[in-house]
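Chemist: Following this message is one structure expressed as structure tokens.
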Amino acid sequence: MARGPRKTLDEKIAAKEELIEALMTRIESEKQELAEMYREKRNIQLENIDNMLEEWALSPQEAEEALRRYVDQREEEAV
């Protein structure tokens, strides 16, 4: 049973280059989609923090000061 003419080496190379280019395009598209997901996740986290600050009636500066004190205290306890 004949399967048709065999591809030349040049045709195989061209097909492989085309496949690689298509995969690279797909990878780039997936990377962009992943970056958008990370941005969305960060925005949700920031929104949650903003909601907590509002609920606790804290300004961003007050929250920063409280977090700095907490981290400093934790570092002192670790030593």
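The values are calculated or read from the model by the stated rules, or taken from the named source; none is laboratory data. This is a predicted model, so every value here is computed, not measured. Backbone-built Cβ (ideal geometry, glycine too); neighbour counts: all protein chains shown. Please note that ligands, DNA and RNA were not included when accessible areas were found on the heavy atoms of the full protein model with its side chains. Shrake-Rupley method; radii C 1.70, N 1.55, O 1.52, S 1.80 Å.
Chemist: Quick check, is Leu53 assigned to a helix (DSSP H, G or I), touching a helix residue (DSSP H, G or I) at 6+ places or on another chain (Cβ under 8 Å), surrounded by 10 or more Cβ atoms within 10 Å (Cβ to Cβ) and modelled with pLDDT of 95 or more?
Modeler: On the way: assigned to a helix (DSSP H, G or I): yes; touching a helix residue (DSSP H, G or I) at 6+ places or on another chain (Cβ under 8 Å): yes; surrounded by 10 or more Cβ atoms within 10 Å (Cβ to Cβ): yes; modelled with pLDDT of 95 or more: yes.
Considered against the rule, which asks whether it is assigned to a helix (DSSP H, G or I), touching a helix residue (DSSP H, G or I) at 6+ places or on another chain (Cβ under 8 Å), surrounded by 10 or more Cβ atoms within 10 Å (Cβ to Cβ) and modelled with pLDDT of 95 or more, Leu53 comes out as yes.
Chemist: If Asp10 satisfies all but one of (1) over 13 Å from the mean Cα position of the chain (by Cα); (2) assigned to a helix (DSSP H, G or I); (3) surrounded by 10 or more Cβ atoms within 10 Å (Cβ to Cβ), what's the number of the condition it fails?
Modeler: For Asp10, the failing item is (3).
Table: residues versus (1) outside any helix (DSSP H, G or I); (2) open to solvent by less than 100 Å² (accessible area, probe 1.4 Å); (3) among the polar types (S, T, N, Q).
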{"site": "Arg3", "(1), (2), (3)": "yes, no, no"}
{"site": "Arg6", "(1), (2), (3)": "yes, no, no"}
{"site": "Arg26", "(1), (2), (3)": "no, no, no"}
{"site": "Asn48", "(1), (2), (3)": "no, yes, yes"}
